[in-house]
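**Student:** Below is a structure I'd like to ask you about.
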Amino acid sequence: MKRRQKKLTINNELDLSDAVIVKSGRLKSVVWNDFDRVRKGETYIAICRHCKKRLSGSSASGTSHLRNHLIRCRRRSNGSNNGVAQYFVRGKKKELANERRKDEEVLSVVNVRYEHEKEELDDVNVVSTGLDQRRCRFDLARMIILHGYPLSMVEDVGFRMFIGNLQPLFELVAFERVESDCMEIYAKEKHKIFEALDKLPGKISISVDVWSGSDDFDEFLCLVAHYIDETWELKKRVLNFFMVDPSHTGEMLAEVIMTCLMEWDIDRKLFSMASSHSPPFGENVANKIRDRLSQNKFLYCYGQLFDVSCGVNVINQMAQDSLQTCCDTINMIRESIRYVKSSESIQDRFNQWIVETEAESERNLCIDDPTRWDSTCTMLEIALEQKSAFSLMNEHDPDSVLCPSDLEWERLGTIVEFLKVFVEVINAFTKSSCLPANMYFPEVCDVHLRLIEWNKNPDDFISSLAVNMRKKFDDFWEKNYLVLAIATILDPRFKMKLVEYYYPLFYGTSASELIEDISECIKALYDEHSVGSLLASSDQALGWQNHHHRSNGVAHGKEPDDRLIEFDRYINNTTTTPGQDSKSDLEKYLEEPLFPRNSDFDILNWWKVHTPKYPILSMMARNVLAVPMSNVSSSEDAFETCQRRQVSETWRSLRPSTVQALMCAQDWIQSELESS
């Protein structure tokens, strides 16, 4: 294309003193109304009558480059109220057909210019040369999806003016067109996700979260798949985002989710399901789905590992419960800080009291954001550092707000210590949008130990608060301890040792029995993976035998040797060849020394490298490590006092099918960009 442009552009410094103006009846195109055609020797030149730019005037060059120049020629557009389209409104179909064949370009009619002075759109049809309209449309739709822009922006006057000046040849689209393009992108991306899930070597875990819609009555369920792909990368993809009726029973919601799973053809591939158990998604929904899958024997360990819950949710609930118990004291401090910041003179006096009491802090007092409890923790932490200055202010300034008592300050200090632990745990849970399940056990165990310690506080107020938090934590622990323990056992830096370290601290003399239960569960899980691996290899061998028999004219099921296939499996399970190690992958793995702990350790890469050594155990690790123990993708969402995420205002008024398409496609496109 660049070479052609060089040929079509003539040096403007060329001497045309002896050039001859060519007048010929063959110049049929209307573009020649704005060009003079001259000849210099054997060279034909077209000179723009408006800006005097020189271009090729050879008949072999056609006239497309002349039309393009007229579209861009500022002097012509400034001096004329008529658009370039006049040449094509009057244009001749025969001429256009000839030029299409000559230039081998697809021509389309688009809007090209706007009247800035009137701030009105002046739709003028022009013939496009080489602009891929479809690609531009889909780039626009992807931009809207990716950044969550309103679909109606394509009809905004400002946007249309901007596009018209940026690229006059682009054919502007209406709301219905861009909505249709978004749906087409969704369909194509969905097909790619479907194929990826179909090829997975392992199981899939799902998480279900509740979102709020346009009002308190609109609710959406977000269904997300979590899995480790063939390259040992942990991924999560939104599968469905559909509106539900809050009045639906658990059985109805379970049926809706099962329908989605079957549409994706992953109901047989499920390993676990994580949910918040908040309304309308009650605990019985997960139980009903588990019961249905267990009947078909799709789940490992009779579904013991299927129903898990989000660790961030329980931490969030405990943090907010802690703040609620002392809300009056917190309001008192918040108003005191507002008073200090109400004028420079009060701030100066407060600074003097800080110096007098030696309560200086590296951080300045701040007002919290009540919608984020971590900001409340920060506000209280700074205020505690300067509590003596607040006491002086309360003594010497009669206009100041009432200050907390010494006991209230003391209790608040203990609660802030709780909150700081919770902030650290949530930051660990949300440092990546996809964390393998082994990352959660140490953090959860630390919270467990802290709760045991807080229960022993001599202050009845603090101990009763710890008891209430412990109830919430115990519900979470009872449901998730098996998955958490197995995941950490599959971490080569810990194996059984971390479980054996923490459990005596939790349960004392009864710890050994509980550790044995975990050991039995992981062995049972390994055995099920081992049987599944043997059945798969036997099915492959059976398939080869059937093919061999058919190729020799023997029909399947007629050969007497087929009756001994189960015998062959028995021999494989009970016989070892000379020199063959009879120990299982699990036994060999647990007997080997621990892998050194370091901050750069990548557990997925470790299992990827060691798959040949532990073929069955690596299959189990692939399934367990993908279990989602948190459905929160970032700390920005984790600290919100309102647990439910909301559909953006720009999309919530759209049709439910369009909302699903946009939410899913946004997740898929973002994930693809992050991967690349």
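**Student:** So is GLU408 at pLDDT below 95 and either over 18 Å from GLU358 (Cβ atoms) or outside any helix (DSSP H, G or I) (or both) or not?
**Tutor:** Working: at pLDDT below 95: yes; either over 18 Å from GLU358 (Cβ atoms) or outside any helix (DSSP H, G or I) (or both): yes.
Yes.
**Student:** If only one of ASP585, ASP600, ASP667 is free of Cβ contacts under 8 Å to residues at least 24 places away in the same chain and of a type in the set (Asp, Glu), which one is it?
**Tutor:** On the way: ASP585 fails: free of Cβ contacts under 8 Å to residues at least 24 places away in the same chain; ASP667 fails: free of Cβ contacts under 8 Å to residues at least 24 places away in the same chain.
Every option except ASP600 fails the conditions.
**Student:** Take the range 471-499 and flag every residue that is exposed (fewer than 15 other Cβ atoms within 10 Å of the Cβ) and under 25 Å from ASP600 (Cα atoms). Break it down stepwise before answering.
**Tutor:** Step one: of the range 471-499, the residues exposed (fewer than 15 other Cβ atoms within 10 Å of the Cβ) are 471, 474-475, 478, 497.
Scanning the range 471-499 gives a single hit, LYS497.
**Student:** Hey, does the range 341-353 have a residue that's modelled with pLDDT of 90 or more and of a type in the set (Lys, Arg)?
**Tutor:** yes
**Student:** Please specify each residue of the range 621-642 satisfying the condition of being part of a loop (DSSP other than H, G, I, E, B), of a type outside the set (A, V, I, L, M, F, W, C) and either at pLDDT below 90 or closer than 24 Å to GLY213 by Cα (or both).
**Tutor:** Residues of the range 621-642 that are part of a loop (DSSP other than H, G, I, E, B), as a first pass: 625-634, 639, 641-642.
Narrowing the set further to residues that are of a type outside the set (A, V, I, L, M, F, W, C) leaves 628, 630-631, 633-634, 641.
If the condition is that a residue be part of a loop (DSSP other than H, G, I, E, B), of a type outside the set (A, V, I, L, M, F, W, C) and either at pLDDT below 90 or closer than 24 Å to GLY213 by Cα (or both), then SER630, ASN631, SER633, SER634, THR641 are the ones that fit.
**Student:** In this structure, does VAL467 turn out to be in a helix (DSSP H, G or I) and under 22 Å from ASP637 (Cβ atoms)? Steps first, answer last, please.
**Tutor:** Working: in a helix (DSSP H, G or I): yes; under 22 Å from ASP637 (Cβ atoms): no.
No, not satisfied.
**Student:** Do the conditions hold for PHE461, that is, is it open to solvent by 10 Å² or more (accessible area, probe 1.4 Å), in contact with a strand residue (DSSP E or B) (Cβ under 7 Å, 6 or more places away or on another chain) and not charged (D, E, K, R)?
**Tutor:** No.
**Student:** Return the pair list, or none, for Cβ contacts closer than 9 Å from residues in the range 342-353 that are surrounded by 11 or more Cβ atoms within 10 Å (Cβ to Cβ) to residues that are acidic (Asp, Glu), at least 6 apart or on different chains.
**Tutor:** Close Cβ pairs satisfying both conditions: ILE346/ASP397; ILE346/ASP399; ARG349/ASP397; PHE350/ASP397.
**Student:** Report whether or not LEU435 is without any contact (Cβ under 8 Å) to a residue 24 or more places away in the chain and open to solvent by less than 30 Å² (accessible area, probe 1.4 Å).
**Tutor:** Working: without any contact (Cβ under 8 Å) to a residue 24 or more places away in the chain: no; open to solvent by less than 30 Å² (accessible area, probe 1.4 Å): yes.
The answer is no for LEU435.
**Student:** Next question. May I ask you to list the residues in the range 144-175 that are in a helix (DSSP H, G or I), open to solvent by 60 Å² or more (accessible area, probe 1.4 Å) and closer than 28 Å to ASN68 by Cα? Talk me through it step by step, then tell me what you get.
**Tutor:** If we filter the range 144-175 for residues that are in a helix (DSSP H, G or I), which is where we start, we get 144-147, 151-155, 157-166, 175.
Next, from what is left, pick out any that are open to solvent by 60 Å² or more (accessible area, probe 1.4 Å): 147, 155, 157, 162, 165-166.
GLU155, VAL157, PHE162, ASN165, LEU166, listed by residue number.
**Student:** Taking the range 222-261 as the region of interest, how many residues are without any contact (Cβ under 8 Å) to a residue 60 or more places away in the chain, open to solvent by 30 Å² or more (accessible area, probe 1.4 Å) and within 26 Å of ILE669 (Cα to Cα)?
**Tutor:** To start, the set of residues in the range 222-261 that are without any contact (Cβ under 8 Å) to a residue 60 or more places away in the chain comprises 223, 225, 229-230, 244-261.
Imposing the further condition that a residue be open to solvent by 30 Å² or more (accessible area, probe 1.4 Å) reduces the set to 230, 245-249, 251-252, 255-256, 259.
Retained after the next criterion (residues that are within 26 Å of ILE669 (Cα to Cα)): 230, 256, 259.
So the answer is 3.
**Student:** Starting from the range 366-377, keep only residues that are free of Cβ contacts under 8 Å to residues at least 12 places away in the same chain and open to solvent by 30 Å² or more (accessible area, probe 1.4 Å), then list their pairs with residues that are part of a helix (DSSP H, G or I) and not acidic (Asp, Glu) whose Cβ atoms are within a distance under 8 Å, requiring at least 6 positions of separation or different chains.
**Tutor:** Final answer for the pair search is ASP369/SER375; ASP369/THR376.
**Student:** Tell me which residues, restricted to the range 400-429, are over 16 Å from GLN320 (Cα atoms) and among the hydrophobic types (A, V, I, L, M, F, W, C). Steps first, answer last, please.
**Tutor:** Taking the range 400-429 as the starting set, the residues that turn out to be over 16 Å from GLN320 (Cα atoms) are 400-410, 427-429.
Answer for the range 400-429, where residues must be over 16 Å from GLN320 (Cα atoms) and among the hydrophobic types (A, V, I, L, M, F, W, C): VAL401, LEU402, CYS403, LEU407, TRP409, ALA428, PHE429.
**Student:** OK, next. Identify the single condition in (1) assigned to a helix (DSSP H, G or I); (2) touching a Phe, Trp or Tyr at 6+ places or on another chain (Cβ under 9 Å) that ILE522 does not satisfy, given that it satisfies every other one.
**Tutor:** Of the numbered conditions (1) assigned to a helix (DSSP H, G or I); (2) touching a Phe, Trp or Tyr at 6+ places or on another chain (Cβ under 9 Å), the odd one out for ILE522 is (2).
**Student:** Oh, and also: With respect to ALA383, is the statement that it is more than 22 Å from ASN316 (Cα to Cα), open to solvent by less than 40 Å² (accessible area, probe 1.4 Å) and over 45 Å from the mean Cα position of the chain (by Cα) true?
**Tutor:** So ALA383 fails the test.
**Student:** Which one is surrounded by the most Cβ atoms within 10 Å (Cβ to Cβ) among residues in the range 402-429 that are of a type in the set (S, T, N, Q) and closer than 18 Å to CYS377 by Cα? Don't jump to the end; show me each part of the working.
**Tutor:** The first filter runs over the range 402-429 and keeps only residues of a type in the set (S, T, N, Q), leaving 405, 414, 427.
Okay, now just the ones that are also closer than 18 Å to CYS377 by Cα, so 414, 427.
Details: THR414: 17, ASN427: 14.
Checking each candidate, the answer is THR414.
**Student:** Can you pull out every residue in the range 596-620 that is open to solvent by 20 Å² or more (accessible area, probe 1.4 Å), touching a helix residue (DSSP H, G or I) at 6+ places or on another chain (Cβ under 7 Å) and assigned to a loop (DSSP other than H, G, I, E, B)?
**Tutor:** Residue satisfying the conditions is THR611 alone.
Residues are listed down the side, and each one gets a yes or a no for (1) within 53 Å of the chain's Cα centre (by Cα); (2) within 21 Å of PRO168 (Cβ to Cβ); (3) at pLDDT below 85:
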position	(1), (2), (3)
ASP36	no, no, no
GLY41	no, no, yes
ILE45	no, no, no
SER58	no, no, yes
SER64	yes, yes, yes
ARG74	yes, yes, yes
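**Student:** Somewhere in the range 288-300, is a residue buried (at least 19 other Cβ atoms within 10 Å of the Cβ), in contact with a strand residue (DSSP E or B) (Cβ under 8 Å, 6 or more places away or on another chain) and either without any contact (Cβ under 8 Å) to a residue 24 or more places away in the chain or more than 30 Å from MET439 (Cβ to Cβ) (or both)?
**Tutor:** Yes: the range 288-300 contains one or more residues that are buried (at least 19 other Cβ atoms within 10 Å of the Cβ), in contact with a strand residue (DSSP E or B) (Cβ under 8 Å, 6 or more places away or on another chain) and either without any contact (Cβ under 8 Å) to a residue 24 or more places away in the chain or more than 30 Å from MET439 (Cβ to Cβ) (or both).
This table checks each residue for (1) of a type in the set (Asp, Glu); (2) over 27 Å from ALA254 (Cβ atoms); (3) in a helix (DSSP H, G or I); (4) touching a residue at least 24 places away in the same chain (Cβ under 8 Å).
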position	(1), (2), (3), (4)
ARG177	no, yes, yes, yes
CYS182	no, yes, yes, yes
TYR186	no, no, yes, yes
LYS190	no, no, yes, yes
PHE194	no, no, yes, yes
PRO201	no, yes, no, yes
SER205	no, no, no, yes
VAL210	no, no, no, yes
PHE220	no, no, no, yes
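**Student:** Okay, next question. Can you tell me how many residues within the range 455-482 are over 15 Å from VAL312 (Cβ atoms), among the aromatic types (Phe, Trp, Tyr) and touching a residue at least 40 places away in the same chain (Cβ under 8 Å)?
**Tutor:** 1
**Student:** Take residues that are closer than 23 Å to MET469 by Cα, more than 32 Å from the chain's Cα centre (by Cα) and of a type outside the set (S, T, N, Q) and tell me which of the helices (runs of 4 or more DSSP H) falling wholly in the range 283-367 contain 3 or more. Give the derivation first.
**Tutor:** Values: elements: 283-295, 311-325, 327-340, 344-357.
Because the criterion is at least 3 residues that are closer than 23 Å to MET469 by Cα, more than 32 Å from the chain's Cα centre (by Cα) and of a type outside the set (S, T, N, Q), the helices (runs of 4 or more DSSP H) in the range 283-367 that meet it are 327-340.
The values are calculated or read from the model by the stated rules, or taken from the named source; none is laboratory data. On a predicted model such as this, the values are computed, not experimentally measured, just so you know. When we count neighbours, we look across all protein chains shown, and the Cβ atoms used for this are built from the backbone with ideal geometry, even at glycine. What goes into the accessible areas is simple: the full protein's heavy atoms, side chains included, and nothing from ligands, DNA or RNA. Shrake-Rupley method; radii C 1.70, N 1.55, O 1.52, S 1.80 Å.
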